[in-house]
Amino acid sequence: MKIDIDVPDGVSGEYTIESFNVLKNDPSQFISALKTGRCVPEGTYKRLMRGGTCVMSNTPDEIRDFSHFLWRASGHILINGLGLGVLLKGLLLKDDVKSIDVVEISKDVINLVYPTYKKDKRLTVINADAFTWTPPLGSRYDFVWHDIWDDICTGNLKEMAKLHRKYGKRCGYQDSWCKKLCNIS
């Protein structure tokens with residue numbers, strides 16, 4: 001699956017959005033696949049960088065990580081972590097999505113990504129920390145997605161558990177990016 005995004009390349013603070021190409025038989029892809037088990041097919045993609053760290057991309061493996069959530073989600077949705085807006089774009093293409101609240105801690109990420117999606121009236125972006133932000137009194141979400149981590153590691157499980165406890169009574173279903181992979185790592 002591929003989700004093309006219209007977010008332009010740019011820089012805001014320590015964040016950069018850049019297009020990148022993966023060439024067929026690129027040796028760096030072979031090394032990456034050996035280290036992570038993830039390999040990017042030939043093509044042109046976008047990535048969100050913070051300094052030298054890739055925070056997110058629209059590569060097939062990244063999309064596969066949330067595809068189960070994308071296909072299930074409908075109604076009122078909360079996303080913790082805007083990233084490139086790849087999941088957001090997929091959700092906004094669905095007619096059964098009534099509203100999406102996105103909580104993003106970085107104003108720079110919001111500056112880079114939000115302008116691409118701001119015309120959709122179903123979207124609200126909140127500049128806040130997912131751990132301290134409190135949804136408005138009485139609000140309830142059908143689906144909640146937590147995606148605030150840069151890498152897949154068991155060190156994220158404690159924070160995932162904290163977010164699941166915090167939002168558990170306010171939603172019908174929730175999940176976190178790569179939670180299953182972290183549990184078996």
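Given a Förster radius of 22 Å and the C-beta distance between Glu159 and Ser12 as r, what FRET efficiency does 1/(1 + (r/R0)^6) yield to the nearest 0.05?
0.35
What pairs from Lys24/Lys46; Lys46/Lys119; Lys98/Lys121; Lys94/Lys169; Lys107/Lys158; Lys121/Lys169 go past 19 Å between their alpha carbons?
Too far apart for the 19 Å limit: Lys46/Lys119; Lys94/Lys169; Lys107/Lys158; Lys121/Lys169.
To the nearest Å, what is the center-to-center distance of segment 113-138 and segment 76-97, using C-alpha atoms only?
Rounded to whole Å, the Cα centres lie 11 Å apart.
How about segment 49-146: which chymotrypsin sites (Phe, Trp or Tyr not before Pro) there are in a DSSP loop, with at most 13 other Cβ atoms within 10 Å of their Cβ? The partial results should precede the final answer.
Numbers: sites: Phe66, Phe69, Trp71, Tyr117, Phe131, Trp133, Tyr141, Phe143, Trp145; in loops: Phe131, Trp133.
Here the sparse-neighbourhood loop sites are Phe131.
Given labels modelled 7 Å from the Cα in the Cβ direction, how far is it in nm from Arg64 to Lys169?
3.9 nm
Where a number appears in this text, it was derived from the coordinates with a stated rule and is not lab data. Here the structure is a predicted model, which is why all the values come from computation and not from measurement. Neighbour counts are summed over all protein chains in view; Cβ atoms, including those assigned to glycine, are modelled from backbone coordinates with ideal geometry.
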